[in-house]
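S.K.: Have a look at this one.
The values are calculated or read from the model by the stated rules, or taken from the named source; none is laboratory data. What you are looking at is a predicted structure, and each value in this text was computed from that prediction instead of being measured. We place every Cβ from the backbone using ideal geometry, glycine too, and count neighbours over all the protein chains shown.
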């Protein structure tokens, strides 16, 4: 009896604490009552660790902050609830898309992604091999990235334009619609991730040795980092092209990344020059510049010319180095033994 009373008391205390801290969340079921605790986790039937903690500050700064929990977790109708089903990102949201006044959905993005090299389904509609290697939405969109910029008197800089928001508020006075709409628009007028963040996101799969072997791919991340572009990005440049700048056709959706062997791909052999000649990069790039191989490894079978050039340069460096080392060694012997000679001179009478 006392155990039941104690449990009810604890639930009441936690409930009051949760309501006091998160009454502004706009959550009908008060999901954050439990999910605000960092230790909320369990081991599922497959032995996988599952963490159910929700960082409220991170969520409030993300793109879904105006959505309610039930907009995505549609199968949850009670507390405590049964194990939730996996969220389907292509389902309709309760938000209206402004241009069509219809419920918003990511179905168009999913349709574009099916044409991409990252789709787990081939062109015949059959599942590809190694299904576990193909990314889902959360593999790339693991964190909300909001990088709005400010335009004031012709100056472009990072941050939120205070003057711009005051103009929005002259009409949109309720809630935080002005701030949300401003950030939503401005963050899509520039890259949502820095080039270094983009490379690290791609590296989660493409730098894995097992992944490379299963799909017969080169180590494109490491080879890119050794290029001029990669070195600049490592130094903090944001004007240098990253993976998406080269592997997405200009004007196409960012999710449409095609294989190098596809004729419509941005990196197909006849399209590379057009990819390099964008206004943001090398607007006067010649065919010779575009013929540069970015992801070259020194594999003798795939790149025989580069392999033997590397061997040749190593041999040349070794010859030059050992030649000068021999000269230095002989000079040292001369200084230590000035009268020493390999061949004795014969005295002439």
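S.K.: So which residues in region 287-307 are over 18 Å from residue 227 (Cβ atoms), touching a helix residue (DSSP H, G or I) at 6+ places or on another chain (Cβ under 9 Å) and either assigned to a helix (DSSP H, G or I) or at pLDDT below 85 (or both)?
M.R.: 287
S.K.: If you go through region 167-192, how many residues are in contact with a strand residue (DSSP E or B) (Cβ under 9 Å, 6 or more places away or on another chain) and part of a loop (DSSP other than H, G, I, E, B)?
M.R.: 3
S.K.: I would also like to ask the following. Just checking, does region 193-210 include any residue being without any contact (Cβ under 8 Å) to a residue 60 or more places away in the chain, over 24 Å from residue 139 (Cβ atoms) and in a helix (DSSP H, G or I)?
M.R.: So far as region 193-210 goes, no, none of its residues is without any contact (Cβ under 8 Å) to a residue 60 or more places away in the chain, over 24 Å from residue 139 (Cβ atoms) and in a helix (DSSP H, G or I).
S.K.: In this structure, does residue 310 turn out to be in a helix (DSSP H, G or I), surrounded by 10 or more Cβ atoms within 10 Å (Cβ to Cβ) and at pLDDT 90 or above?
M.R.: yes
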